[in-house]
Every structure is written in C-alpha cells, then in structure tokens.
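Participant: The structure that follows is given in the form of structure tokens.
The values are calculated or read from the model by the stated rules, or taken from the named source; none is laboratory data. Since the model is a prediction, treat every value here as computed from it, not as a measurement. Note that we place each Cβ from the backbone using ideal geometry, even for glycine, and neighbour counts take in every protein chain shown.
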Amino acid sequence: MKLTDKAREQLRGALDEGLFESGRLRVYIDHRCHCGKAHFSLAIDETTHPGDTTFDVFEIPFIADAPTSAELPLVEIDFVETVWTKGFTIKNTSHQCSHTMVA
C-alpha cells in the first residue's frame, strides 16, 4: 500500500491530534467495478476480527480483512484539496477509477 506525502502528512496530523487513537484505519473493498477491479474505502475501526491483518505505514496504524489484504499492493491513498473538494482519494493503481472521501 502506498501513501502519498500529502496523505501521510494529513493522517500523521490526525493521529497526533488523537482522532483515531483507540483504533486503526481500516482499508476495505467498497465494491467491485463491472470489470471486477476493486474500489477501496477507508474508515476508523476499533475492532479486530479473525483473519484481519494489522500493519503500519509510516507509523500510521492500518487494518484490513483477508480479501483486502491480498490487494493492498494496488492501494494508493492521497489527499486532495481543490476549490470543489477536500479529502482522501483511495485508488486502485491497476484501474483508472477512484473514490474520493470528503473530509
């Protein structure tokens, strides 16, 4: 899984402020495109389930279930800020679609 510098900076700030100190950021498959490629989302989760994988990226705590863990090399998380939107973009690097979560 890859974090851009902007995403890492935003997540590090949130972590330092204690916004998800009791949990981890869960990366999960939100849905699959008509071609079968995964689209990912991100949420704070305080619970670990059997089969979950916990890991850190730049000391930022993440968690993923087994189906998502298998596809983590394809995940790229970025932070975008434009006139129209501000938030994290989570994309599958092997697919052209992306999903933006507005902060």
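Participant: Which residue, of 39, 49, is modelled with pLDDT under 95, of a type outside the set (A, V, I, L, M) and exposed (fewer than 15 other Cβ atoms within 10 Å of the Cβ)?
Facilitator: After ruling out the rest, the residue left standing is 49.
Participant: Another one. Say we look at segment 27-41 and pick out the residues that are assigned to a strand (DSSP E or B) and over 12 Å from the mean Cα position of the chain (by Cα); which of these is farthest from residue 17 (Cα to Cα)?
Facilitator: 32
Participant: Separate question: Given the conditions (1) in contact with a Leu (Cβ under 6 Å, 6 or more places away or on another chain); (2) part of a loop (DSSP other than H, G, I, E, B), report the number of the one that residue 62 does not fulfil.
Facilitator: It fails just one condition, (2).
Participant: Let me ask something else. Give me the pairs, please: first residue somewhere in segment 6-26 and closer than 23 Å to residue 82 by Cβ and touching a residue at least 60 places away in the same chain (Cβ under 8 Å), second residue anywhere and in a strand (DSSP E or B) and among the acidic types (Asp, Glu), beta-carbon distance under 9 Å, and either six or more positions apart or on two chains.
Facilitator: From segment 6-26, the pairs are 6/78; 6/81; 7/76; 7/78.
Participant: I'm told residue 80 meets every condition in (1) in a strand (DSSP E or B); (2) surrounded by 15 or more Cβ atoms within 10 Å (Cβ to Cβ); (3) at pLDDT 85 or above; (4) under 11 Å from the mean Cα position of the chain (by Cα) except one. Can you identify the failing condition by its number?
Facilitator: Among (1) in a strand (DSSP E or B); (2) surrounded by 15 or more Cβ atoms within 10 Å (Cβ to Cβ); (3) at pLDDT 85 or above; (4) under 11 Å from the mean Cα position of the chain (by Cα), the lone unmet condition for residue 80 is (4).
Participant: Could I ask something else about it? How many of the residues making up segment 12-36 are more than 23 Å from residue 66 (Cα to Cα) and surrounded by 14 or more Cβ atoms within 10 Å (Cβ to Cβ)?
Facilitator: Matching residues across segment 12-36 total 3.
Participant: Name the residue that is farthest from residue 74 (Cα to Cα), counting only residues in segment 84-103 that are under 12 Å from the mean Cα position of the chain (by Cα) and either charged (D, E, K, R) or modelled with pLDDT of 70 or more (or both).
Facilitator: 87
Participant: Go through (1) part of a strand (DSSP E or B); (2) without any contact (Cβ under 8 Å) to a residue 12 or more places away in the chain one by one and return the number of the condition residue 44 breaks.
Facilitator: In the conditions (1) part of a strand (DSSP E or B); (2) without any contact (Cβ under 8 Å) to a residue 12 or more places away in the chain, residue 44 misses (2) alone.
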